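Notes for the one structure printed next.
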Amino acid sequence: MKKIFFSSFLMAVCLSMSAQSIIPQPLSITPKAGEFVVDSRTAISVEANDDGFTKVASYLSERFKTAAGFNMKMTTQSAGRNIICIRQTEGFDKEAYRLTLSPEIVLIESAAPNGAFYAVQTLCQMFPDAIYAPTANKNVKWTATCAVIEDAPRFPYRGMHLDVCSHFFSVDFIKRYLDLMAIHKMNVFHWHLTEDQGWRIEIKRYPELTQKGAVRKETVIGTYKSKIYDGTPYGGFYTQDEIREIVRYAADRFITVIPEIEMPGHSLAAISCFPELSCGLEEKYEPATRWGVFRQVYCPKATTFKFLENVLDEVMSLFPSEYIHIGGDECPKTSWKKCPHCQNLMVTLGLRDEFELQSFFIQRMERFVNSRGRKIIGWDEILQGGLAPNAMVMSWLGEEGGIKSAQQHHDVVMCPHTKYYLDYYQADPYTEQLCMGHLVPLREVYQYNPVPDTLTGEQKKYIRGVQACVWTEYMTDPQRVEYMAFPRALAICEAAWSVAENKEWNSFIRRLQTHCGRLDRMNVNYCKAFNDVLIRVHDDDLYSKVVTLSIEAPDAEIRYTIDGSEPTARSPIYSAPFVINRSNVVKAAGFKASQKTGATTQRTFN
Ligand code: ACM
Ligand code: ZN
């Protein structure tokens, strides 16, 4: 593996801030002398007989049109000065590229448009962050420092998931989400379209699914334990035209959309429309109004399989993805245990328990998906009872499922909930709005190694990638999604793209400082808690607790007080855990050159 290699310390110093601050970190950057400057006379040339490359050129030219206010000339000429040349070149993997900036010309070399697209993403990050602005700025000098960048992804599957069932998000927001993915070289959008709380995809054969199944009568306020509801119907769905539009929009950004149709669990919204798909044990079925796991699941009978096959046929006509996600997670066996049909079926098939019945269900649907020339992907639980060799497992429960899958020679996407579920807290749960689960700050996400050391070299090859999962139980609007997803999704995108040798926390958190300027230009509502001190209060005794303080911002010192006063640049510097009593109020902030890095955070004994 190549490493980032700076030819000399001097060169490293000469390397501009922008070239040092690319996220995700490229494979290698070799700084060169000089600058390339884009102005209204800069031309783009495409040396390829391929529409895909031309689209990449248009993407770059659109960016400059929006942010700089001038149209770059498209030319067939690639000699001369002031040209950005995209050249199809054999010898690269599909997503790999070489980007060479000299004062006269920028040369992008790749074998396929995918690689050229990623070169353009890197190139954009080498210009001032105004390149990401939504309106034209005439006063910027569009300068990029010269360098040769060789780059290729670590993993072929670089995913971001979005749950549009807990809360629904507009087509415009889905496009923005795809834009943010593309900028960070992510290439799979896992679209979680069906759930207990709502069915969100139009199926022409079953209009009830979106007439009735897309709306829940109300939503829980707080956690599922509160038992307090808002009394307001909530719903939304995507028409097939909208879905086609999104699939196209994603494809233009080299993103594959993988739809998820949940089965056999998390299917209450569908069952509410067609109770005959269930075991029929309940008086009433309606879309869930709180989060969690529900015992009302599909009953494995002919009508259910026919229904799911019809649904999947329409789904596959909309989504050209190689993989179709069929869920498979969290299917309680309560109803199957009581259902005469399920119990008879188990006897007929010689199944020992309901876990084998789940396996029968998944394998049957897998055969159907395979018969249409596609493959299945599903959550860890699809592994129960054996799978066809071409099924891919999305490992969310922890690492064990991923390890087991790789050992059984199944491709795996790693997204353990303890690290890659971005609905979990990222900052002090005492002061954050309600989130799901525990505290997973940016550093912990970043430092997770998605290729478990327990795997052999051969088994490690089955880890095909990673995914950020954005479950939206407590994310009611796009701003909240952005806050929860960013910057942690960037840590995952670096795990997805950058080779392990280039993945280094101190480097990432420094580059993130520059990258925040880009996110600001795009008005991304990212969480800035990495600039704040995280106060952890550990139980000790009735009258004492031990406090630890930490901060992720680079080069920041932590200053704190325990008398309730505001910490200043003259307050004590934190160097080790300390004890507080019941009357103490801990206030802390990060400082760099006497300036606060973020907000003051505080905690009391309780
Ligand atoms: C899941 O979080 N139930 C896959
Ligand atoms: Zn049943």
*Being open to solvent by less than 40 Å² (accessible area, probe 1.4 Å) and part of a helix (DSSP H, G or I) is the filter; apply it to region 513-528 and report the residue that is farthest from Ser21 (Cα to Cα).*
Leu519
*Residue check: is Asp172 of a type in the set (Asp, Glu) and open to solvent by 10 Å² or more (accessible area, probe 1.4 Å)?*
yes
*How many residues does region 398-411 contain that are in contact with a strand residue (DSSP E or B) (Cβ under 8 Å, 6 or more places away or on another chain) and within 14 Å of ligand 1 (Cβ to nearest atom)?*
2
*Residue list for region 335-380, filter: within 16 Å of ligand 1 (Cβ to nearest atom) and either surrounded by fewer than 20 Cβ atoms within 10 Å (Cβ to Cβ) or within 28 Å of the chain's Cα centre (by Cα) (or both)*: Ile362, Ile376, Ile377, Gly378, Trp379, Asp380
*Restricting the search to region 266-288, which residues are more than 13 Å from ligand 2 (Cβ to nearest atom) and either under 16 Å from Ile326 (Cα atoms) or in contact with a strand residue (DSSP E or B) (Cβ under 8 Å, 6 or more places away or on another chain) (or both)?*
His266, Leu268, Ala269, Ala270, Cys273, Glu286, Pro287, Ala288
*Evaluate the following for Phe274: is it over 19 Å from Leu193 (Cα atoms) and in contact (Cβ under 8 Å) with a residue 60 or more places away in the chain?*
no
*Since Pro332 meets every condition but one in (1) surrounded by fewer than 17 Cβ atoms within 10 Å (Cβ to Cβ); (2) more than 16 Å from ligand 1 (Cβ to nearest atom); (3) modelled with pLDDT of 95 or more, which condition does it not meet?*
(2)
*How many residues does region 396-433 contain that are part of a helix (DSSP H, G or I) and buried (at least 18 other Cβ atoms within 10 Å of the Cβ)?*
8
_Qualifying positions in region 26-71 - among the small types (Gly, Ala, Ser) and open to solvent by 10 Å² or more (accessible area, probe 1.4 Å)_ = Ser28, Ala33, Gly34, Ser40, Ala48, Gly52, Ser58, Ser61, Gly69
*Considering only helices (runs of 4 or more DSSP H) fully contained in region 221-319, which possess at least 3 residues that are over 30 Å from Pro153 (Cβ atoms) and away from ligand 1 (no atom under 16 Å from the Cβ)?*
268-273, 302-318
*Scanning for something open to solvent by less than 10 Å² (accessible area, probe 1.4 Å), assigned to a strand (DSSP E or B) and under 22 Å from Ser28 (Cα atoms), does region 458-465 turn up at least one residue?*
yes
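The values are calculated or read from the model by the stated rules, or taken from the named source; none is laboratory data. These figures come from a predicted structure and were not determined experimentally. When we count neighbours, we look across all protein chains shown, and the Cβ atoms used for this are built from the backbone with ideal geometry, even at glycine. Areas reflect the complete protein model, heavy atoms only, side chains present, ligands, DNA and RNA absent. Shrake-Rupley method; radii C 1.70, N 1.55, O 1.52, S 1.80 Å.
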